[in-house]
1. Show me 242-250, 291-299 ranked by packing, highest mean number of other Cβ atoms within 10 Å first.
2. Quick one: if you stick a label point 7 Å off each Cα along the C-beta vector at residue 259 and residue 195, how many nm between them?
3. Run the quick spin-label model on residue 161 and residue 174: label points 7 Å from Cα toward the beta carbon, then report their separation in nm to one decimal.
4. With r as the distance between the Cβ atoms of residue 137 and residue 59 and R0 = 30 Å, compute the FRET efficiency 1/(1 + (r/R0)^6) and round to 0.05.
5. Which order do peptides 280-289, 180-189, 164-173 fall in by mean Cβ count within 10 Å, highest first?
6. Just to be sure I understand: with springs between alpha-carbon atoms less than 10 Å apart, which residue in 267, 131, 26 has the highest mean-square fluctuation in the Gaussian network model of the chain?
7. Among 263, 149, 196, whose mean-square fluctuation peaks in a Gaussian network model of the chain (Cα, cutoff 10 Å)?
8. Mind checking the full-extension length gain between residue 234 and residue 293? Use 0.36 nm per residue of separation minus the Cα-Cα distance, one decimal, nm.
């Protein structure tokens with residue numbers, strides 16, 4: 001009777017979401033594992049990114065366009081810990097209690113917030129690499145062209161664009177094209193910007209050997225940009241690693257449709273994506289001296 005009820009539930013509609021509510025031992029194990037991981041890492045992710053937001057907000061020296069971008073990136077990761085992961089656990093619990101009404105609402109909230117936050121994080125990572133490139137190419141004009149106000153406006157546009165793309169699931173059948181295009185475009189932008197930064201650094205180092213005194217004043221800034229570019233590569237590398245399962249799940253769905261195997265693959269892949277937001281604060285502390293010192297001072301005061 002229980003299997004029959006679940007089969008009937010699978011025939012219901014939940015907005016634009018695909019439904020597979022049948023239960024097997026494998027789906028039960030996947031639910032238990034992913035719920036435990038998301039419940040644990042939700043708290044750690046929220047605390048870690050909240051600390052990053054606190055130190056940037058409190059320290060006046062960090063109120064620059066570059067750190068404003070980092071602030072917005074940490075805010076996106078904070079939403080993962082506060083919204084995406086808790087709602088993931090909640091909708092998986094309602095799925096096993098046959099509460100279809102609550103399941104549908106909770107899963108819709110988790111789906112929209114999950115895709116929007118991860119898409120925003122990916123786009124902002126590309127923006128960080130472009131920002132580092134602009135520091136080297138614009139020189140003295142950077143402070144006039146790249147301002148905190150324009151950074152906030154850009155972030156606002158990115159958020160609205162990502163939410164709009166998610167909402168297109170209601171009316172576009174082949175919706176997966178949009179997230180795939182976002183991932184590919186962001187990856188190309190970040191890669192090209194970082195490669196250009198390293199080219200400028202190598203050219204600058206050759207100039208140092210030829211005319212030491214005339215370029216010595218810019219050496220520190222160039223090396224800082226190079227370190228920032230490496231930091232972006234670390235964060236982006238982690239992003240790619242944790243997003244590969246999601247790309248594989250989307251490819252599998254394209255080939256086979258939304259089967260139980262695809263459903264479990266999405267559960268594990270979403271958990272991996274969310275865990276990436278837990279690691280970013282640690283990368284910031286390890287790679288960015290200003291953040292590391294500010295975090296140490298904050299922890300000492302508390």
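Any read-out appearing in this document is the output of simple, stated calculations on the displayed coordinates, not a laboratory observation. Given the structure is predicted, the values throughout are model-derived calculations rather than measurements. Cβ placement follows ideal geometry from the backbone for every residue including glycine, while neighbour counts extend to all protein chains displayed.
1. Ranked by mean Cβ neighbours within 10 Å, highest first: 242-250, 291-299.
2. Between residue 259 and residue 195, the label points sit 3.8 nm apart.
3. 2.2 nm
4. 0.65
5. Ranking, from highest mean packing down: 280-289, 180-189, 164-173.
6. Its mean-square fluctuation being the largest, the pick is 26.
7. The residue that fluctuates most here is 149.
8. In short, 19.3 nm is gained.
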